[in-house]
């Protein structure tokens, strides 16, 4: 069970940094759920003809790490995601590991937090953006 956090438990600057390797199984599963069957994701030969030169993960699959952090780390499973704003700079290829680093900033008037998400693949930044969450208060 994931620990539940309240607004009062948070402090600006808290960070979490999960990572996920983009595997063929994850890409196929995401394709089935999203109905995005673009050959760049599913056909390695077709993907070789693209600018990335290889089999790429769906951008939103990589972006899913934005949800993983506030759902499992501070502020925890009681948060309400209000808005996400991923910006895609480059794809993550099959087999690459994507790491999200989230840092908490706080808005005490609205009991909201902002988690800045920066995803890295090696030294590249394929996705960056923010997640805005509302967190329950004890008071």
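Restricting segment 75-88 to residues that are in a loop (DSSP other than H, G, I, E, B) and at pLDDT below 75 leaves a set whose member that is surrounded by the most Cβ atoms within 10 Å (Cβ to Cβ) is 75.
Here's the yes/no breakdown for (1) touching a helix residue (DSSP H, G or I) at 6+ places or on another chain (Cβ under 7 Å); (2) surrounded by 16 or more Cβ atoms within 10 Å (Cβ to Cβ); (3) at pLDDT below 85; (4) in a helix (DSSP H, G or I):
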{"site": "3", "(1), (2), (3), (4)": "no, no, yes, no"}
{"site": "8", "(1), (2), (3), (4)": "no, no, yes, yes"}
{"site": "11", "(1), (2), (3), (4)": "no, no, yes, no"}
{"site": "26", "(1), (2), (3), (4)": "yes, yes, no, yes"}
{"site": "30", "(1), (2), (3), (4)": "yes, yes, no, yes"}
{"site": "51", "(1), (2), (3), (4)": "no, no, yes, no"}
{"site": "90", "(1), (2), (3), (4)": "no, no, yes, no"}
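Please verify whether residue 61 is modelled with pLDDT under 80 and under 15 Å from residue 129 (Cβ atoms), treating the condition exactly as stated. No, not satisfied. When every residue of segment 101-114 is checked against the conditions, at least one turns out to be in contact with a strand residue (DSSP E or B) (Cβ under 8 Å, 6 or more places away or on another chain), at positive phi and at pLDDT below 75.
Name the single residue, out of those in segment 13-24 being part of a loop (DSSP other than H, G, I, E, B), closer than 18 Å to residue 62 by Cβ and in contact with a strand residue (DSSP E or B) (Cβ under 8 Å, 6 or more places away or on another chain), that is modelled with the highest pLDDT. Of everything passing the filter in segment 13-24, 22 is modelled with the highest pLDDT.
The values are calculated or read from the model by the stated rules, or taken from the named source; none is laboratory data. Worth saying up front: this structure is predicted, and the values here are computed from it rather than measured. So basically every Cβ, Gly included, is an ideal-geometry build from the backbone, and we count neighbours across all protein chains shown.
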